[in-house]
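The values are calculated or read from the model by the stated rules, or taken from the named source; none is laboratory data. Model, not experiment: these values are computed from the prediction. Cβ coordinates were reconstructed from backbone atoms using ideal geometry, including for glycine residues, and neighbour counts include every protein chain displayed.
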Amino acid sequence: MIVRILGEGQFAVADTERAALDAMDDTLMAAVDSGDEDVFATALAALASEVRRAGTPLADDAFAPSDLVVPFADATLDETKGLLAQPDDGGAADQS
Amino acid sequence: MGVMKRMSGILQAKTNKLLDKAEDPRESLDLSYQKQLESLQKVRRSVADVTTAKKRIELQATQLQQQADKLQGQAKAALTQGNEDLAREALARRAALAEQLGDLQTQHEQVSAQEQKLIDTAQKLQTQVDAFRTKKETMKATYTAAEAQTKIGEAVSGISESMSDAGMSMQRAQDKIDGMQARAGAMDELLASGALTDLSNPVDDIQAQLDKASTTSTVDAELAALKAEVGTGTPPPAELGAPEHGDAPS
């Protein structure tokens, strides 16, 4: 599968890593919901570094859509909430 | 649903906006390439904006530093004149400026970090766009219509996603800079005319006091010299006007 870290790039990660990543993602989601900035920052950093560790950066000429997307690795809790609150219909895409 | 899946849906939605529904998948390669070039231009402009913001902060810091240096010199001059209170006042104001300088320094670091991130984003995007340009011709030439449908669709989606990502990175930098721009604007106003003169005007007060002290001592010295010239006699009131009378005829 292909995982993108926003602002960083895409990584090819073995499907066998999926369960481990999902578990870390659950921790991250719980941190978002709990609103604990420190727990959130730790969980996000852990998830991002696990993607980097387990994955291989995609070549520049490999153009493929991502299966999973990690927020900006240094995003704050508020920023991440803001990102997640964006409409799925891409209302904010005009700016990009 | 986890964060990653949700982020994926949001990025996908942004990306869909960039995709053209071209009849011929080969045509979508060219359309996508045009959009990529536009995206690159936007990212480059964004880098330029951030660089301008950085320069502005540097200019403000230079101005504040000059004022701080001036106050330092004035404190020294005041001490030389034996006016410790005035020296203390100058140093106190210098400390207030130093605090603002520290704040500018922090902003400068943040803007520099954003600038570097955007430069990296622009470089990465440039590399991908270059790679896409080469690849799209190969794809047009080698794929059958059926293959093209999926392969080209995937490639176009893939690079469009990178552009969405770059767009989000750009927006992020812009958001961070906006807050600083507002503060920088306020600082410019302060420096130009307004409230910072609460700090810089008194600087002139300090200068005025220093000048006054210096003038007084010069006048004292001149007076003493004049007294010596006129003679040791006790100068009557009329003698005070003597130099003026002396000047007028000659």
Worksheet item: Failed condition for B:Thr62, given (1) surrounded by fewer than 19 Cβ atoms within 10 Å (Cβ to Cβ); (2) away from chain A (no Cβ under 12 Å); (3) touching a helix residue (DSSP H, G or I) at 6+ places or on another chain (Cβ under 8 Å), with all others met?
Response: (3)
Worksheet item: Out of all the residues in the stretch B:139-150, is one or more within 30 Å of B:Glu27 (Cβ to Cβ), at pLDDT 85 or above and within 14 Å of chain A (Cβ to nearest Cβ)?
Response: yes
Response to the item:
Checked B:Ser160, B:Ser169 against criteria (crowded, with 19+ Cβ neighbours inside 10 Å, assigned to a helix (DSSP H, G or I) and at the interface with chain A (Cβ under 7 Å from one of its Cβ atoms)); the one match is B:Ser169
Response to the item:
When the stretch A:10-39 is checked residue by residue, the ones that are small (Gly, Ala, Ser) and surrounded by fewer than 18 Cβ atoms within 10 Å (Cβ to Cβ) are A:Ala12, A:Ala14, A:Ala19, A:Ala20, A:Ala23, A:Ala30, A:Ser34, A:Gly35
Fill in: Members of the stretch A:5-24 found to be within 8 Å of another protein chain (Cβ to nearest Cβ) and under 17 Å from A:Glu79 (Cβ atoms), listed by number
A:Leu6, A:Gly7
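This table checks each residue for (1) under 27 Å from B:Ile177 (Cβ atoms); (2) polar (S, T, N, Q); (3) within 14 Å of another protein chain (Cβ to nearest Cβ); (4) surrounded by 21 or more Cβ atoms within 10 Å (Cβ to Cβ).
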residue: B:Val3; (1), (2), (3), (4): yes, no, yes, yes
residue: B:Asp24; (1), (2), (3), (4): no, no, no, no
residue: B:Leu31; (1), (2), (3), (4): no, no, no, no
residue: B:Gln34; (1), (2), (3), (4): no, yes, no, no
residue: B:Leu37; (1), (2), (3), (4): yes, no, no, no
Item to complete: Determine which single condition A:Thr42 fails, assuming it passes every other condition in (1) out of contact with any strand residue (DSSP E or B) (no Cβ under 8 Å at 6 or more places or on another chain); (2) at pLDDT below 95.
Response: (2)
Discussion item. Please pick out the residue among B:Leu86, B:Leu79 that is of a type outside the set (D, E, K, R) and touching a residue at least 40 places away in the same chain (Cβ under 8 Å).
Written reply: B:Leu86
Practice prompt. Could you pull out the residue among A:Arg4, A:Arg53 that is within 20 Å of B:Ala173 (Cα to Cα) and modelled with pLDDT of 95 or more?
Written response: A:Arg4
Fill in: The one condition in (1) within 14 Å of chain A (Cβ to nearest Cβ); (2) out of contact with any strand residue (DSSP E or B) (no Cβ under 9 Å at 6 or more places or on another chain); (3) surrounded by 15 or more Cβ atoms within 10 Å (Cβ to Cβ) that B:Arg45 fails to fulfil
(3)
Worksheet item: Across the stretch A:56-67, which residue is farthest from A:Leu6 (Cα to Cα) among those that are touching a residue at least 60 places away in the same chain (Cβ under 8 Å) and surrounded by fewer than 24 Cβ atoms within 10 Å (Cβ to Cβ)?
Response: A:Ala64
Discussion item. Just to be sure before I move on: is A:Thr27 at the interface with chain B (Cβ under 10 Å from one of its Cβ atoms), among the β-branched types (Val, Ile, Thr) and not in a strand (DSSP E or B) in the structure I sent?
Written reply: yes
Response to the item:
Counting only residues that are within 23 Å of B:Ser39 (Cα to Cα) and either of a type outside the set (D, E, K, R) or touching a Pro at 6+ places or on another chain (Cβ under 7 Å) (or both), the stretch B:139-153 contains a total of 3
Worksheet entry | Residue tally, condition crowded, with 20+ Cβ neighbours inside 10 Å and within 12 Å of chain A (Cβ to nearest Cβ), over the stretch B:111-121 | 4
Worksheet item: When you look at A:Ala48, is it in contact with a Leu (Cβ under 8 Å, 6 or more places away or on another chain) and assigned to a helix (DSSP H, G or I), yes or no?
Response: no
Item to complete: Report yes if B:Asp20 is assigned to a helix (DSSP H, G or I) and more than 11 Å from every other protein chain (Cβ to nearest Cβ), otherwise no.
Response: no
